[in-house]
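What follows is one structure encoded as structure tokens, with my remarks underneath.
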Amino acid sequence: MVDAPTLLPEGRPDDRSRLGYAMVAAAATLFAVNGSVSKVVLGSGLSALELTQLRNTAATILFLGFLLAFAPHRLRVGRRELLFLVAFGLVGIALVQWLYFVAIEHLPVGIALLIEFTAPLFIALFARFVYKEHVRRRVWVAALLCLTGLALVVELWHGVAFSTVGVTAAFGGALALAAYVLMAERERRHRDPASLSFYGFLVAATMWMLVRPLWDFPWETLNDSVSLQGNLAELTAPVWLLVGFVVLVGTMVTFSLLTGALRHVSATRASIVMTLEPVVATVVAWAWLGETLGVVQLAGGAVVIAGILLAQSAR
């Protein structure tokens, strides 16, 4: 199956695909850097739940401000949408982010992302067996590659060489990410990305506020300074500044880049370029945090990425 060229509103082929690819690559790079920044924040005393809550709440406020200023009519919600938006916020937003933060708290950033990026494989399998879509036979080769690569990455013959909690959270994050993509793909025909994201973050922020009220949040931690760890351990930064990066750059800027890129390249092609993220994240974590992977892990990571690329093209 070959993607049709993206068309402009006038029906002409979009000749700005290079710009689209550059925007996706920039988003993947910023997401990768955000992984290391988030790991430093998690070392400051904030828990994975607290960082998720703060990110969701801040993103809700920023998305609301944007929509009120530029497109208030997009905030309208029909009764039939309510249940979907609640499910989207709980699974696609809250669980994806929380499980990701739990994973990177217990695993090297690169390995956590490699596991989570098996989501396209689950998407292809869901499309085949639930939606009854035609999926190329290569999905089974992709599954074999991903499973083989992951066995190498976690050194399965030693039991599991890494934290069981981290590995479980990463696989849970992959399933939640697959659900997010499938739900967003379904809803994109009825709702624009900005308002869909706003309601998703709103539901997630509300859920976390019920779990832990904002007045119990350790706000004083944001005024602390924390070591940047690893090769930058001699340097410090205020926690509020690092959290600001996670919210503004790791959420808002990356979202804007991806949304803008989809005007020029298809979702399938964009998702393939996004596989840069675990590669760049591994390099950033090595240069910054001093996280190193053995030859076996690197080889396994290459096999996983090959499987992910096949899975992306199988639908």
- Note on the structure: If we keep only residues of the stretch 142-184 that are at pLDDT below 85, in a helix (DSSP H, G or I) and β-branched (Val, Ile, Thr), then the residue nearest to Leu49 (Cα to Cα) is Val181
- Query: Would it be correct to say that Phe88 is under 15 Å from Arg191 (Cα atoms), more than 13 Å from the chain's Cα centre (by Cα) and not polar (S, T, N, Q)?
  - Reply: yes
- Task: Say whether the condition of being touching a Ser or Thr at 6+ places or on another chain (Cβ under 7 Å) and either assigned to a helix (DSSP H, G or I) or in contact (Cβ under 8 Å) with a residue 12 or more places away in the chain (or both) is met by at least one residue in the stretch 188-196.
- Result: yes
- Task: Look at the stretch 100-119 and say how many of its residues are of a type in the set (Ser, Thr, Tyr) and part of a helix (DSSP H, G or I).
- Result: 1
- Note on the structure: Going through the stretch 71-100 in order, the residues found to be surrounded by 19 or more Cβ atoms within 10 Å (Cβ to Cβ) and touching a Ser or Thr at 6+ places or on another chain (Cβ under 6 Å) are Gln97, Trp98
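The values are calculated or read from the model by the stated rules, or taken from the named source; none is laboratory data. All of these numbers come straight from a predicted model, not from anything done at the bench. Here the Cβ is made from the backbone with ideal geometry for all residues, glycine too, and neighbour counts use every protein chain on show.
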